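Data first, discussion second: the structure below is written as structure tokens.
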Amino acid sequence: MVKSKRTDWIKVRVTPSEKLEWEAKAHAGGLPMSELIRQSLQKVRVWNVKDRSIERERTVQIARIGNNLNQLARWANTYKSALDTIQVITYLKEIRDQLKQLKYPPKKEEVIDTDDD
């Protein structure tokens with residue numbers, strides 16, 4: 001793989017305390033400041049309005065699933081016959097399948113909110 005030569009500059013104004021903090025992090029990681037910033041920006045995911053509405057819908061879906069789980073647990077503790085147990089397991093499998101359908105961004109990403117509400 002051919003590596004591109006870095007020729008462009010980006011200038012960022014920071015406070016003296018921010019600069020010291022970033023320098024300390026770069027030194028602790030054994031990295032030049034530019035590499036620390038590059039690696040940090042690789043982990044950032046920028047959100048837009050569409051992303052936010054999708055995430056809200058996922059949260060609502062998870063809350064509903066959690067409510068269903070609580071109802072099933074309460075029901076299972078009240079009615080403990082073998083037939084009822086089979087029915088509860090069937091419902092739990094359905095809930096598991098619903099959870100598998102929900103997709104989330106990788107957990108290691110840091111999120112920056114770009115929507116100014």
task = Could you go through segment 89-98 in sequence order and give the Karplus-derived ³J(HN,Hα) for each residue, using 6.51 cos²θ - 1.76 cosθ + 1.60 with θ = phi - 60°, rounded to whole Hz, and x for Gly and Pro?
result = 4, 4, 5, 5, 5, 5, 5, 4, 5, 5
remark   = One finds, for Trp75 and Asn48 with R0 = 41 angstrom and r their Cβ-Cβ distance, a FRET efficiency to the nearest 0.05 of 0.50
Amide hydrogen neighbours beyond the local backbone of Trp47, cut-off 5 Å, H modeled = Ile112, Thr114
Chain lengthening between Trp22 and Glu94 when straightened (0.36 nm per residue, less Cα-Cα) = 21.1 nm
key: In sequence order, calculated HN-Hα J values of segment 30-45 (Karplus, 6.51, -1.76, 1.60; Hz; x Gly/Pro)   = x, 10, x, 4, 4, 5, 4, 5, 4, 5, 5, 5, 5, 8, 8, 10
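Any read-out appearing in this document is the output of simple, stated calculations on the displayed coordinates, not a laboratory observation. Nothing here was measured: the structure is a model prediction, and the numbers come from that model. For neighbour counting, all protein chains shown are included, and Cβ atoms are generated from backbone atoms with ideal geometry for every residue, glycine included.
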